[in-house]
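Structure first, then comments.
The values are calculated or read from the model by the stated rules, or taken from the named source; none is laboratory data. Computed from a prediction, not measured in an experiment: that's the story for all the values here. With ideal geometry, Cβ positions are generated from the backbone for all residues, glycine too; neighbour counts draw on all protein chains shown. Remember, those area values only see protein heavy atoms, side chains included, never the ligands or the DNA or RNA. Shrake-Rupley method; radii C 1.70, N 1.55, O 1.52, S 1.80 Å.
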Amino acid sequence: MTRVWKWNRPVTVREVLEDLQQERSIAYTTVMTVLDNLHQKGWVRRESEGRAYRYEAVSTRAAYAAALMNDAWSQSDNPAAALVAFFGMMSEEQRQALGDAIRIVQGPETPAPGPGAVPEGGER
């Protein structure tokens, strides 16, 4: 999946193979089998291109990581304790990223209406 996410476009078995072979020896059939397994699990979709397929990630790496975290957290019998333990494992950089993420999800704060503001509906 790392290679598929890295390119962020549909890839062939041959492209993944050639990229992996820069680091280690690996067989074409091994890469083909792994991509087929990922397709069967629903992690990639594929489209036929001649005698080969092009594989594309179904979701982003971030969405996949979020789903893993959500799955692990939902299996806890004490979600608050699990979060406290998880936060305790985080580096300062990770805690700052968490704070940034919370601010993004919450969105911009809505300013309180000033004096003399007309409430919704137009009546005072």
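Some values worked out for this structure:
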| quantity | calculated |
| --- | --- |
| Selection from 27, 98, 40 lying farthest towards where the dipole of the chain points positive, charges on Cβ | 27 |
| Protection-proxy order for peptides 12-19, 40-47, 99-106, each taking the mean of Cβ atoms within 10 Å per residue, highest first | 12-19, 40-47, 99-106 |
| Residue-averaged [θ]222 nm for the chain, counting only DSSP H segments that reach four residues, each worth -39500 (n - 2.57) | -16500 deg cm²/dmol |
| Quotient of Cα Rg and 2.2 N^0.38 Å for the stretch 1-44, N being how many residues it contains | 1.08 |
| Around residue 14: net Lys/Arg minus Asp/Glu count, Cβ-Cβ under 13 Å | -1 |
| For the stretch 21-74, alpha-carbon Rg relative to the globular expectation (2.2 N^0.38 Å, N residues) | 1.41 |
| Virtual spin-label span in nm between residue 85 and residue 66, 7 Å along Cα→Cβ | 2.5 nm |
| Which label in (i) 43, 38, 26; (ii) 56, 33, 29; (iii) 73, 39, 28 gives the computed Cα extents along the principal axes in Å | (iii) |
| Simple spin-label estimate for residue 23 and residue 103 in nanometres, 7 Å along Cα-Cβ | 3.4 nm |
| Value in Å of the Kirkwood radius, where the stretch 48-98 supplies the Cα pairs that are averaged | 13.7 Å |
| Positive dipole terminus of the chain, leading residue within 80, 107, 50 (C-beta point charges) | 50 |
| Share of carbon and sulfur in the accessible heavy-atom surface of the stretch 50-100 [1.4 Å probe, %] | 60 percent |
| Inter-label distance for residue 43 and residue 76, nm, one decimal - labels placed 7 Å from Cα along Cα-to-Cβ | 2.5 nm |
